Amino acid sequence: MFVRRIAVVGTGYVGLTTGACLASLGHRVVCADVDALKVARLEAGQVDILEPGLAGLVREGATAGRLSFTVGARDAVRDAEVVFLCLPTPMGAGGAADLSAVEDVAAVIRDVLPYGCVVVCKSTVPVGTSTRVAALLDREDVAVVSNPEFLREGSAVRDFLHPDRIVVGSDSPQAAERVAALFAKLGAPTVLMDAASAEMVKYAANCFLAMKLSYVNAVAELCELVGADVTAVTDGMGYDKRIGGSFLKPGPGWGGSCLPKDTHAMVRIAEGVGVDFTLVQATIDTNVRQRQRVVDKLRAAVGPLAGTRIGVLGLAFKAGTNDLRDSPALAVAELLAFEGAELVAYDPEIDRPLVGMTVVDDPYVAVSGAAAVVLLTEWPQFRTLDWTRVASVMSGTTVLDTRNHLDPDALRRAGLTLRGVGRPVEVPFS
Ligand SMILES: NC(=O)c1ccc[n+]([C@@H]2O[C@H](COP(=O)([O-])OP(=O)(O)OC[C@H]3O[C@@H](n4cnc5c(N)ncnc54)[C@H](O)[C@@H]3O)[C@@H](O)[C@H]2O)c1
Ligand SMILES: O=c1ccn([C@@H]2O[C@H](COP(=O)(O)OP(=O)(O)O[C@H]3O[C@H](CO)[C@@H](O)[C@H](O)[C@H]3O)[C@@H](O)[C@H]2O)c(=O)[nH]1
């Protein structure tokens, strides 16, 4: 394997994982960020995001002299053969992807890139961004490659090192081969294509995943009305290999730093070429409805929410992460707070104050005095709470489990009334 000198710009979930994993494959990697404090912490071996295995890889890479950190992109790229752009592309005005960080960095590095290096866009970006980056770089000797990333938060290192596939797109086949070769050791299926198609793969995949989730949430809604149990329904569906059993769990709506912004961006991309992508818009609308459904169920169970104490279990957008970006739990909490509910929340990985609620560091304090408890994130430890103790400190008896995560028998034994999603009003014994 060729050992390459690599620069990674942006040390967030994608950049830090990319840098640490490429260093673990033997490459020499410099990671750059604008955030000087973050760089200082990384230099000291401190990783602030919750990603199993990442801190270990960062320390190993640094100790072996293969991984270093610096502030600002210019110094990082001076000596690089390959430059990965792992920059944020958040939802901008009107829902389109905001490409300013990618464009700023392209403009900042253009005159210091070594002759013949390759610039790789790993950020999720609309079709045409590679061409735009190439125009900003304005360097005939520098090829631009699209290499979308498919890792999930909470399993970033595992997903990076054991990907289902690697997608590499470029209008320069040689540059695409050069980038694909960096990952050769992973032995993953590698799909080479043109840049536009690679850029589209990422949105098409994320929108499909979001559509699957909105579909299952809509099926769950129907199940409640017709008297079916969505758990049995998805079990029966998932054995069909064409459907697959994963991504079929209903919940309080999907969230996180990617699916919400990428679905909105896809709608805008379609609009830009005169297409009304109603399927993706309906996926978004169905998702927004799920949050209101949680509030409606709580109101139906305990009456008007103004002045009513609700215990909230879980704030992160899914279990296994401390990321709150576009968390459905926060969206639900905001709706509850708007109706005047008094919220006391507990999440095992969140210990900072949040607007509209009191965040506590003990689940039993969160549920104390609550007329109802709502579980919004499927942390494993919630299953093993002492539900008899929970029942003894609550003022009411309703537990709304928006993830169908809890053990109905344990709650029933504690004298609590469990309401789930897509299941009969009172969840039967399992
Ligand atoms: N988070 C994920 O699970 C995930 C997975 C696949 C793809 N993506 C995509 O990857 C991209 C990055 O996402 P992320 O979650 O890693 O973002 P992030 O917000 O976690 O990290 C981005 C980093 O870039 C830094 N940065 C911003 N402007 C900079 C600049 N001008 N120069 C240097 N550094 C700068 C920020 O300080 C931050 O550390 C996005 O396009 C996202 O859609 C994210
Ligand atoms: O059966 C399921 C699976 C997921 N979710 C929810 O869906 C959201 C997104 O989950 P997940 O996809 O695991 O989170 P991310 O880490 O944001 O990963 C997605 O977004 C990344 C950024 O683009 C992509 O790289 C990944 O492939 C894609 O799965 C979360 O709110 C989950 O709770 C459900 O409600 N039910």
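For Leu50, which sequence-distant residues (separation of 5 or more, or a different chain) have an amide H within less than 5 Å of its own amide H, given hydrogens modelled in the peptide plane?
Hits under the 5 Å cutoff: Asn322.
Compute the length gained on full extension between Val365 and Phe2: take 0.36 nm times their separation in residues and subtract their Cα-Cα distance, giving the result in nm to one decimal.
125.1 nm
If you scale each eigenvalue of the Cα gyration tensor by 5 and take the root, what three semi-axes come out for the range 5-192, rounded to whole angstrom and sorted largest first?
Listed largest to smallest, the semi-axes of the range 5-192 are 23, 19, 17 Å.
Divide the volume of the convex hull of the Cα atoms of the range 82-143 by its number of residues and quote the answer in cubic angstrom per residue.
71
In this model, which of Lys38/Lys318; Lys38/Lys185; Lys202/Lys241 are farther than 28 Å apart at the alpha-carbon?
Lys38/Lys185
Evaluate the distance, in nm, between pseudo-label points positioned 7 Å from the Cα of Glu140 and of Leu222 along their respective Cα→Cβ axes.
My value for the distance between the label points is 6.0 nm.
Need one number for the range 188-294: average projected area of the convex hull over its C-alpha atoms, nm².
Convex hull of Cα atoms, orientation-averaged projection: 8.5 nm².
I need the calculated FRET efficiency for the pair Asp409 and Leu50, taking r as the beta carbon distance and R₀ as 25 Å, to the nearest 0.05.
0.20
Setting aside same-chain residues fewer than 8 positions from Lys297, which aspartates and glutamates have a Cα under 15 Å from its Cα?
In chain and number order, the partners are Glu221, Glu224, Glu339, Asp401, Glu426.
In vacuum, with every alpha carbon of the range 287-368 counted as one equal point scatterer, what does the Debye formula give for log10 I(q)/I(0) at q = 0.20, 0.27 Å⁻¹? Two decimals, please.
Scattering profile of the range 287-368, log10 relative to I(0): -0.88, -1.43.
So, how do all the Cα-to-Cα distances of the range 321-421 break down into 10 Å bins, in percent, from 0 on up?
15, 51, 31, 3
Where both residues lie in the chain, what percent of DSSP beta bridges are antiparallel, nearest 5?
Antiparallel bridges make up about 5 percent of those DSSP assigns within the chain.
Could you compute how fast the range 363-410 diffuses translationally, taking Rh as the Kirkwood radius over C-alpha pairs and applying Stokes-Einstein at 25 °C with viscosity 0.890 mPa s? Give it in µm² per second.
Once the numbers are plugged in, D ends up at 227 µm²/s.
Output the antiparallel fraction of DSSP beta bridges having both residues in the range 278-430, as a percent to the nearest 5.
Bridges in the range 278-430 are about 5 percent antiparallel.
Multiply the residue gap between Glu349 and Ser395 by 0.36 nm, knock off their C-alpha separation, and tell me the result in nm, one decimal place.
Difference between extended and current length: 14.0 nm.
Hey, how many Å between the Cα centroid of the range 303-352 and the Cα centroid of the range 245-275?
22
For the chain, modelled as a GNM with alpha-carbon contacts under 10 angstrom, which of Arg412, Arg309, Arg291 fluctuates the most?
Between Arg412, Arg309, Arg291, it is Arg412 that shows the largest mean-square fluctuation.
List every residue whose amide H lies under 5 Å from the amide H of Leu375, counting only residues 5 or more places away in sequence or on a different chain, with H placed 1.01 Å from N in the peptide plane.
HN-HN under 5 Å from Leu375: Leu313, Leu400, Asp401, Thr402.
Testing the spin-label approximation: label points 7 Å from Cα along Cα→Cβ at Asp296 and Phe208. State their distance in nm.
3.1
Find out how many positive minus negative residues lie around Pro163, taking Lys and Arg as positive, Asp and Glu as negative, among other residues whose Cβ is under 14 Å from that of Pro163.
Counting the neighbours of Pro163, the net charge comes to +3.
If eta is 1.002 mPa s and T is 20 °C, what Stokes-Einstein diffusion coefficient results for the chain, Kirkwood Rh from Cα pairs, in µm²/s?
In µm²/s, the coefficient rounds to 93.
When only alpha-carbon atoms are used, what values of Rg and Dmax, in angstrom, describe the range 194-430?
So, for the range 194-430, Rg and Dmax equal 18.3, 62 Å respectively.
Mind giving me the FRET efficiency for Asp104 and Ala40? R0 is 22 Å, r the Cβ-Cβ distance, nearest 0.05 is fine.
The value I calculate is 0.50.
Laboratory data are not the source of any read-out in this text; all were calculated from the coordinates shown. A quick note: this is a predicted structure, and the numbers were derived from the prediction, not measured. Positions of Cβ are generated from backbone atoms using ideal geometry, with glycine treated the same way; all protein chains shown enter the neighbour counts.
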